[in-house]
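So the structure is just underneath, and the comments pick up after that.
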Amino acid sequence: MHCLNVELGERSYPIVIGSQLLGDPQYLLPYIRGKQVCVVTNETVAPLYLERLLDGLAGFGQVDTLVLPDGEAFKTLDTLERIFDCLLEKRHNRGTTLIALGGGVIGDMTGFAAACYQRGVDFVQIPTTLLAQVDSSVGGKTGVNHPLGKNMIGAFYQPRVVLADMDTLSTLPDRELSAGIAEVIKYGLICDAPFFSWLEEHMPKLTARDPRALAYAVDRCCRDKAAVVAEDERESGRRAILNFGHTFGHAIEAVQGYGNWLHGEAVAAGMVMAAELSRIRGAIDGEVVARIRALLAAAQLPQESPGGMTVGDYLEAMAVDKKVLDGRLRLVLLRSLGDAHISDDTPREQLEEALKICGAG
Ligand SMILES: NC(=O)c1ccc[n+]([C@@H]2O[C@H](COP(=O)([O-])OP(=O)(O)OC[C@H]3O[C@@H](n4cnc5c(N)ncnc54)[C@H](O)[C@@H]3O)[C@@H](O)[C@H]2O)c1
Ligand SMILES: [Zn+2]
């Protein structure tokens with residue numbers, strides 16, 4: 001069992017990582033202050049893990065559950081309203097605790113519901129995807145989508161505790177696991193070169209879902225993210241390095257249509273684009289880019305632009321990315337392996353060259 005603390009002053013909270021956490025009340029109950037909880041989950045996760053969680057809450061005061069439909073398409077204000085309906089119908093008061101059991105969609109939505117319900121109630125994250133364990137459950141970004149943009153309505157709101165149970169990853173589809181590994185590799189690239197080397201050695205164990213290797217990787221990623229977030233909770237500066245590969249990735253997601261490539265797959269290709277651009281700009285050499293490509297390949301992740309996308313598609317999509325400030329394209333690039341920075345002076349020709357190298361037409 002690993003445990004670490006996210007240091008955010010009075011909003012600090014622990015992340016517990018291990019096996020058989022779900023259903024063991026000793027990890028959950030100390031963080032519940034009132035007599036009411038509402039577990040929010042979805043139709044895919046509920047049959048797999050809800051009962052185990054409820055077993056651990058046996059004997060606790062009032063326990064309600066809300067099972068939502070599965071999918072990013074339901075990460076909306078309408079679904080949020082269903083959470084509020086449930087809480088009000090069941091008379092949850094200000095002392096209630098919301099428990100998010102699921103991937104990033106459930107975590108983001110439940111966290112935002114907790115931030116809003118009666119101006120803020122406690123919440124607990126029990127992330128069940130690798131992506132949610134290493135990324136979305138850490139750092140307090142919560143929210144829902146708007147028809148005009150992803151994650152456009154939300155709040156910074158920290159949980160009381162995060163319980164990452166490695167056992168839940170056993171049922172995750174292969175593609176979802178790989179998509180989570182893309183974000184894992186990201187931490188090595190942006191701030192943790194020794195971890196990148198560890199990943200080069202241990203990738204076969206991760207893809208084989210070895211629980212010890214997974215727990216080590218989740219712990220390491222959470223520490224890396226927690227350190228970045230502790231420095232810049234509300235993303236006024238350095239936190240933006242967590243978006244490495246994402247400006248390109250978002251362009252792929254937007255042009256392909258959401259749901260075609262998984263987020264992590266788009267980020268994988270996007271990280272190669274950012275790495276190639278860093279090489280063109282003289283920061284890293286071709287050997288480093290080759291190592292990045294090889295590690296992504298070992299995780300069954302793409303390293304090229306999806307077929308059919310042109311340089312023009314990227315430039316158009318990137319111009320509307322939310323990381324564009326004052327008309328200048330801000331990109332996260334590498335200074336070296338394990339050291340990312342934010343750059344706003346990329347010449348357009350170099351950007352186009354990197355995109356072409358990665359297969360954009
Ligand atoms: N808050 C943040 O900082 C942050 C960071 C990154 C991503 N996100 C958000 O996270 C979301 C993506 O998260 P995700 O990748 O976890 O997607 P997701 O929540 O949609 O989960 C992916 C799929 O796996 C299923 N699933 C979940 N756990 C499972 C399990 N143990 N076994 C089998 N199936 C399981 C889900 O039902 C879903 O079908 C996006 O909405 C994104 O915006 C937020
Ligand atoms: Zn991401």
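Quick notes on this structure:
- Test: residue in region 94-109 that is in a helix (DSSP H, G or I) and open to solvent by 50 Å² or more (accessible area, probe 1.4 Å): no
- Scanning region 100-107 turns up no residue that is touching a strand residue (DSSP E or B) at 6+ places or on another chain (Cβ under 8 Å) and modelled with pLDDT under 95.
- Region 161-177, subset open to solvent by 10 Å² or more (accessible area, probe 1.4 Å) and out of contact with any helix residue (DSSP H, G or I) (no Cβ under 7 Å at 6 or more places or on another chain), residue farthest from Ala275 (Cα to Cα): Asp167
- On inspection, Gly308 qualifies as within 30 Å of Pro173 (Cβ to Cβ), open to solvent by 50 Å² or more (accessible area, probe 1.4 Å) and not polar (S, T, N, Q).
- Filter pass, Ala299 being open to solvent by 10 Å² or more (accessible area, probe 1.4 Å), within 19 Å of the chain's Cα centre (by Cα), of a type in the set (A, V, I, L, M) and within 16 Å of ligand 1 (Cβ to nearest atom): no
- Count - residues of region 135-160 that are hydrophobic (A, V, I, L, M, F, W, C), out of contact with any Ser or Thr (no Cβ under 8 Å at 6 or more places or on another chain) and surrounded by fewer than 21 Cβ atoms within 10 Å (Cβ to Cβ): 3
- Selection status of Ala213, free of Cβ contacts under 8 Å to residues at least 12 places away in the same chain, touching a Leu at 6+ places or on another chain (Cβ under 7 Å) and either buried (at least 20 other Cβ atoms within 10 Å of the Cβ) or not hydroxyl-bearing (Ser, Thr, Tyr) (or both): yes
- Residue in region 191-205 that is open to solvent by less than 10 Å² (accessible area, probe 1.4 Å) and within 16 Å of ligand 1 (Cβ to nearest atom) present: no
- Pairing each residue of region 260-288 that is farther than 17 Å from Glu353 by Cβ and in a loop (DSSP other than H, G, I, E, B) with any residue that is open to solvent by 40 Å² or more (accessible area, probe 1.4 Å) and of a type outside the set (A, V, I, L, M), provided the two are 6+ apart or on different chains, yields C-beta distances under 8 Å for Leu262/Arg175; Leu262/Glu176.
- If you check Leu80, Leu54 for being in contact with a helix residue (DSSP H, G or I) (Cβ under 6 Å, 6 or more places away or on another chain) and either open to solvent by 70 Å² or more (accessible area, probe 1.4 Å) or not β-branched (Val, Ile, Thr) (or both), only one passes: Leu80.
- Test: residue in region 237-245 that is open to solvent by less than 50 Å² (accessible area, probe 1.4 Å), more than 13 Å from ligand 1 (Cβ to nearest atom) and among the polar types (S, T, N, Q): no
- Test: Asn151 is within 13 Å of the chain's Cα centre (by Cα) and within 15 Å of ligand 2 (Cβ to nearest atom): yes
- Residue satisfying condition, being within 20 Å of His92 (Cβ to Cβ) and at pLDDT 95 or above, within set Thr44, Thr65: Thr65
- Annotation: Thr129 fulfils all but one of (1) within 16 Å of ligand 2 (Cβ to nearest atom); (2) surrounded by fewer than 24 Cβ atoms within 10 Å (Cβ to Cβ); the unmet one is (2).
- Check on Phe112, farther than 19 Å from Ala240 by Cβ, away from ligand 1 (no atom under 14 Å from the Cβ), open to solvent by less than 50 Å² (accessible area, probe 1.4 Å) and not β-branched (Val, Ile, Thr): no
The values are calculated or read from the model by the stated rules, or taken from the named source; none is laboratory data. A quick note: this is a predicted structure, and the numbers were derived from the prediction, not measured. Ideal geometry is used to build each Cβ from the backbone, glycine not excepted, and the neighbour counts take in all protein chains shown. Accessible surface is based on the protein model in full, side chains and every heavy atom, while ligands, DNA and RNA are left aside. Shrake-Rupley method; radii C 1.70, N 1.55, O 1.52, S 1.80 Å.
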